[in-house]
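Step one of this worksheet: look at the structure below.
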Amino acid sequence: MPNTTVARRRNVLALHRRFLEGAVAAGLPAKGLDQAFAKKIEISPSMWSQIKSSRPIGDNLARQIERHCDVEPGWLDKEDRPSEVPDAAEERFIAAAREAWRTANAKGKRELSGWLKKRAQEAGEEPAP
């Protein structure tokens, strides 16, 4: 049975992230962007805070969010969409990779790059029958 509650929460957070990235790219100050997103999807900042933490998104609210974020109806319900929201483990990996890259000399950077390319190729290969 699909877990719509989890899918909707994950996907609305992805829409929120898109909104934040667009706002920051447009030069808007970071302060107040959560309130601006809540206004865009026509809910109160308090409700947005509850949704971000754990409040389930009902069918009517899901369709309202989709309309205001210009995605097709049912977009929030899809579970098979790759997550656009990095989890804590991904963020820690990126921070560690950045630190390794910045502290490495030229040879170390070549080795890091080669290792990563090799792992990416291995991940994309089909398993042998």
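What follows draws every value from the coordinates through simple rules; no lab data is involved. On a predicted model such as this, the values are computed, not experimentally measured, just so you know. For neighbour counting, all protein chains shown are included, and Cβ atoms are generated from backbone atoms with ideal geometry for every residue, glycine included.
Would you confirm whether or not segment 97-111 contains a residue that is in a loop (DSSP other than H, G, I, E, B) and more than 18 Å from the chain's Cα centre (by Cα)? Yes, segment 97-111 has at least one match. Scanning segment 42-63 for residues that are among the hydrophobic types (A, V, I, L, M, F, W, C) and farther than 16 Å from ASP77 by Cβ turns up ILE43, MET47, TRP48.
Out of VAL12, VAL6, one residue alone is surrounded by 14 or more Cβ atoms within 10 Å (Cβ to Cβ) and within 15 Å of the chain's Cα centre (by Cα). It is VAL12.
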